[in-house]
Structures are given as C-alpha cells and as structure tokens.
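Structure first, commentary second.
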Amino acid sequence: MPVTTRLRRSLATALPALLAVSLTACNAVYPNSIFTRHTEFNRDIGGLFDILIWLGTIVFIFVEALLLYTIWRYRRRSEDDRPEHVHGNTTLEILWTAIPALILAFIAVPTVRAIFKTQAKAGAEALQVEVIGHQWWWEFRYPQYKVVTANELYLPVGRKVNFTLKSQDVIHSFWIPQLGGKRDVITNHPNYLWFTPDSVGEQAWNGMCVEFCGASHANMRFKTYTVSPANFDAWAAHQASPAAFGAVAGAPAPSSVSGAPSGAPANPVGGAPTRPAAAPSATTTANNAPIAPAPAHDMASMGGATVQQAGFTAFPREKLPAHVVPSTPIPPGMSFNEALVGDAERGRAAISQGAGACMGCHTIAGNPMMVGVTGPNLTHVGSRNTIAGGIYPNDTKHLSMWIKNARWMKPGVIMPTLGQFQRDPVTGQTVPATGLTDQQIADIVAYLQALK
C-alpha cells in the first residue's frame, strides 16, 4: 500500500478522536474544580501544576518532533538502502543527560518548597477545627468556641484555619476541592491541613470523602460555608448556646454534652445502637408509661415555645448555588403523609422519654435526657441546610422519611429503622405496630426543626 494512502487513512482515523478530545476542554465549567485561587494552598499547588504541565508539554512537543523528524529523515528510500552504523556520540550523550537533569531541577525546587510550606505547622492565631470522620458523616469541633456540629463547616473569610483530622473507624479522606487539597483521615493518627480562605466572599462549597470507606462512601459529604468574621462569630456564639426550643434551666452546657469524644468506641458497620426491641409510640415511654406534658415550671424555664435567636445563625438557604443543594432521589417505596402537622412540644416530650431511642445516640444541649454520643449533635439541627451526611435537604419531607427508615435512605447507617411496619434492609425484619406512626414522626420532626 502506498505511503500516502496509509497516511491518509491514519489521519482520517485520528482526526475525529483529536477533535473529540479538544471539544471536551471547551467552555468546561465544573463547580468542584480544583483549579482555583481561593486559598494559598490552592495557589501553591496550582502554581506547581502549571510548572509541571508547561514543562511536560514542552518536553512532549520536543521529543515527538525529534522522533518524527528522525523517522522522516532516515526513512528507507530504496531496497538498496542500508542505515549508517553509529558507535557513539559524546555530545549527544551529554546533552540527553544534562537536559533531563535541568528539567528535573526546575521541577524539584518548587515541589520541595511547596511540600515544606504545606506541611509546616499553622500559626497560633489560626482557627482550630477538629474534624472527625465517621461512617458516613462528618463531625466538626471548634475547641476555641466550645462548638460541636455535624456535616456543615463554617469558616471565616481571611482567617487561617488549621484542621486536625481524625477518624472514628476506618480511613477517610477530607477534601474541599475549591478551597484546599485533600488529606487522609486515619484512625489513631491525626493528620493536619491548613489554609486561609482569603480570596472568597460569603459562599457555599461542596466537601466530600475521597477515600473508599464502605457501603455509603459516595454518600459521605458535607457543606462548607465561608462567611464574614462578624457572621462567623455570631454563628459560633449561637452554636455554643443551648437548644433554641425546650432548653431546661440548669441543663449541662453544650461543651460538656456535645457529641462523641474522639476516643469513644464506634458501633460496627451495619450494627444498631442499644435500644428497645421495638420503638415505643409517641404516647408512651420506653417502659410503656404514659408521656405527661411538660410541667409548668419546665415550660417557664424554656422561655416559651421557641427562643428567638438574633443575628447570623446559618447560611441563608436562598443563597445556596444549585450545585450545593442536594439532589439525591428518595428511594422507591418510601412514603409519608405530608398532610400531617407536627407538634414540637409533643415531639420533645416523646424523644426525651424514649420514643425512637433517640436519647441513646444524640446530644441536644439543654435537654438533660439527650446526651448520646454515637450520632451527630442535634442541638441546632434545625439551622442546618442538609441532613444525612449532606445528601438530602433539611426539610420536612426528607427529615420525616429519614426518621422513618434511615437505612433505606442511606445504605449501611447504624441508625435503626423506626417507622411502623417498615422493613429494615439490614436485619430484614419489619418494625411492629409499636414503631413510630407518621403522626409521631411529624411531632419529632417539628421539634427538631424548632432547634434553630
């Protein structure tokens, strides 16, 4: 086959592929891109990436051009052609040793500089955030403010943040693509990461686990909010206060009942926390005793139905960009009577006296019955924009279905199935008639939503 024919066919095959690859880079807008300059961490890594990509491109073009020239220049021109035998060329040998060494030096110096800078300790002025990875949710602790929250991370713009990364169970990996590089979260071995969100405004960002950690690894997400220093201080002060609804005077402060300590044992994957064999109804306690309404002196100490909070308490939902709003579909077969209206005080009384066994797993500061350490801190859960490790919006519909059958909504979670006549996908058993009815769930949801 003539050379020109072969070349024409090769080009006809290669051009569509090259065109497709080129078009993939046209106007690519990806909301979780790492190619940003929002923090010094991303700027340093981005600068290093630019050096590598440019030097790599130059080397590739040079080598390929030299290869093509050699193929063309020393091609076989006739049947009698014989290549010239070359037994060495000192100049070439020195050049092809020196040039790669020079290129490696250009790469090594900024690489080592970036490694030492990003691995250095953060200054004492940095905001300290302890990150604890659980299967499959994130716990965030602010020891300087005595705040514990879950799945939503607030950072002040312009202030350096030092993350201490720990795991409660298996290896996870903490990553906010648009703000900073990922870092592994390992059991019994704290890792550290710091950066300063200095080139951003009040915005919302996606965060996620990027190390396979079990059945719901893909569902282990979180949201990050960068806010002004004043708004951060207001948020932290609010988070450190007792529950906005139903707080009892003299109850332990948030710092003393604020979630699982870093060394607390975790339940095994797929296991359930200790609880009654069947969830009691909202009109009875775990011992089947009638639930009494809150005494008058308790209601007085609560300051009324809901304590109104002043100032900035949460990132406004209406300002969330579309790519931050969860869009996980509800599993087929899940239903809830959305026409029901819940009663927050009835819900508070129910879970405070054993309904759903919530007290065995969760903390609500100001509620002396809610001091569990297995699950997320719920003191201000009503102010969060997401639930279930960031995969569902925190609204009445999703929260109701989550309480009804969390294991169907998110595979592998240890939260038991509570809804009446619901099938538990882990145990294969059906919750009996003593499980929570839709009305009882609506009451509990009303209480949790009052915890702003």
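Taking first residues from region 341-370 that are in contact (Cβ under 8 Å) with a residue 60 or more places away in the chain and partners that are charged (D, E, K, R) and open to solvent by 10 Å² or more (accessible area, probe 1.4 Å), the Cβ contacts under 8 Å between residues at least 6 apart in sequence or on separate chains come to ALA357/ARG275; GLY360/ARG275; ASN367/ARG348.
With (1) assigned to a loop (DSSP other than H, G, I, E, B); (2) modelled with pLDDT under 90 as the list, and MET359 as the residue in question, which single condition is left unmet? MET359 satisfies all of (1) assigned to a loop (DSSP other than H, G, I, E, B); (2) modelled with pLDDT under 90 except (1).
Determine, yes or no, whether VAL373 is in contact with a Pro (Cβ under 8 Å, 6 or more places away or on another chain), under 22 Å from ALA236 (Cα atoms) and either at pLDDT below 95 or not basic (Lys, Arg) (or both). For VAL373, the condition - in contact with a Pro (Cβ under 8 Å, 6 or more places away or on another chain), under 22 Å from ALA236 (Cα atoms) and either at pLDDT below 95 or not basic (Lys, Arg) (or both) - is met. Taken over region 428-444, the residue count meeting the criterion of being without any contact (Cβ under 8 Å) to a residue 40 or more places away in the chain and assigned to a loop (DSSP other than H, G, I, E, B) is 3.
Scoring TYR74 on the criteria (1) modelled with pLDDT of 85 or more; (2) of a type in the set (Phe, Trp, Tyr); (3) over 30 Å from PRO197 (Cα atoms) leaves a single failure, condition (1).
For region 399-433, which residues satisfy the criterion of being farther than 18 Å from ARG346 by Cβ and hydroxyl-bearing (Ser, Thr, Tyr)? Break it down stepwise before answering.
First, the residues of region 399-433 that are farther than 18 Å from ARG346 by Cβ: 401-402, 405-417, 421-433.
Correct list: THR417, THR427, THR430.
Here ILE58 clears all of (1) modelled with pLDDT of 75 or more; (2) within 33 Å of the chain's Cα centre (by Cα); (3) loosely packed, with under 12 Cβ neighbours inside 10 Å except the condition numbered (2). Remark: LEU451 falls outside the filter, which requires a residue to be over 14 Å from TRP137 (Cα atoms) and touching a strand residue (DSSP E or B) at 6+ places or on another chain (Cβ under 9 Å). Does LEU436 satisfy the condition of being of a type in the set (A, V, I, L, M), modelled with pLDDT under 95 and under 30 Å from THR313 (Cα atoms)? So LEU436 does not fit the description; no. Taking region 108-140 as the range and being free of Cβ contacts under 8 Å to residues at least 24 places away in the same chain and either small (Gly, Ala, Ser) or touching an Asp or Glu at 6+ places or on another chain (Cβ under 7 Å) (or both) as the test, the residues that pass are ALA108, ALA120, ALA124. Among the residues of region 399-414, those that are buried (at least 18 other Cβ atoms within 10 Å of the Cβ), touching a residue at least 60 places away in the same chain (Cβ under 8 Å) and in contact with a helix residue (DSSP H, G or I) (Cβ under 9 Å, 6 or more places away or on another chain) comprise SER400, MET401, LYS404, TRP408, MET409, LYS410, VAL413, ILE414. Among the residues of region 26-80, those that are in contact with a Ser or Thr (Cβ under 7 Å, 6 or more places away or on another chain) and not in a loop (DSSP other than H, G, I, E, B) comprise THR39, GLU40, PHE41, ASN42, ASP44, LEU48. When residues in region 370-398 are screened for being open to solvent by 10 Å² or more (accessible area, probe 1.4 Å), closer than 15 Å to ILE444 by Cα and more than 17 Å from the chain's Cα centre (by Cα), 5 of them pass.
Selection of region 28-51 for residues being over 20 Å from VAL157 (Cα atoms) and among the aromatic types (Phe, Trp, Tyr) yields TYR30, PHE49. Only one of the numbered conditions (1) part of a loop (DSSP other than H, G, I, E, B); (2) open to solvent by 10 Å² or more (accessible area, probe 1.4 Å) is not met by THR417, and that is (2). Taking each residue of region 40-52 that is within 17 Å of ALA108 (Cα to Cα) and looking for partners that are open to solvent by less than 70 Å² (accessible area, probe 1.4 Å) and in a helix (DSSP H, G or I) with beta-carbon atoms closer than 6 Å, six or more apart or interchain, yields ASP44/ALA114; LEU48/PRO110; LEU48/ALA114; ILE51/PRO110.
Would you mind stating whether ILE441 is touching a Phe, Trp or Tyr at 6+ places or on another chain (Cβ under 9 Å), open to solvent by less than 20 Å² (accessible area, probe 1.4 Å) and within 25 Å of ARG141 (Cα to Cα)? Answer is no for this residue.
For every residue, the table says whether it meets (1) over 23 Å from GLN429 (Cα atoms); (2) in contact with a strand residue (DSSP E or B) (Cβ under 9 Å, 6 or more places away or on another chain); (3) modelled with pLDDT of 80 or more.
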{"residue": "ALA279", "(1), (2), (3)": "no, yes, no"}
{"residue": "ALA282", "(1), (2), (3)": "no, yes, no"}
{"residue": "ALA314", "(1), (2), (3)": "yes, yes, yes"}
{"residue": "LEU320", "(1), (2), (3)": "yes, yes, yes"}
{"residue": "ASN337", "(1), (2), (3)": "no, no, yes"}
{"residue": "ALA349", "(1), (2), (3)": "yes, no, yes"}
{"residue": "HIS380", "(1), (2), (3)": "yes, yes, yes"}
{"residue": "SER383", "(1), (2), (3)": "yes, yes, yes"}
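The values are calculated or read from the model by the stated rules, or taken from the named source; none is laboratory data. Computed from a predicted structure; not experimentally measured. With ideal geometry, Cβ positions are generated from the backbone for all residues, glycine too; neighbour counts draw on all protein chains shown. For accessibility, only protein heavy atoms count, side chains too; no ligands or nucleic acids. Shrake-Rupley method; radii C 1.70, N 1.55, O 1.52, S 1.80 Å.
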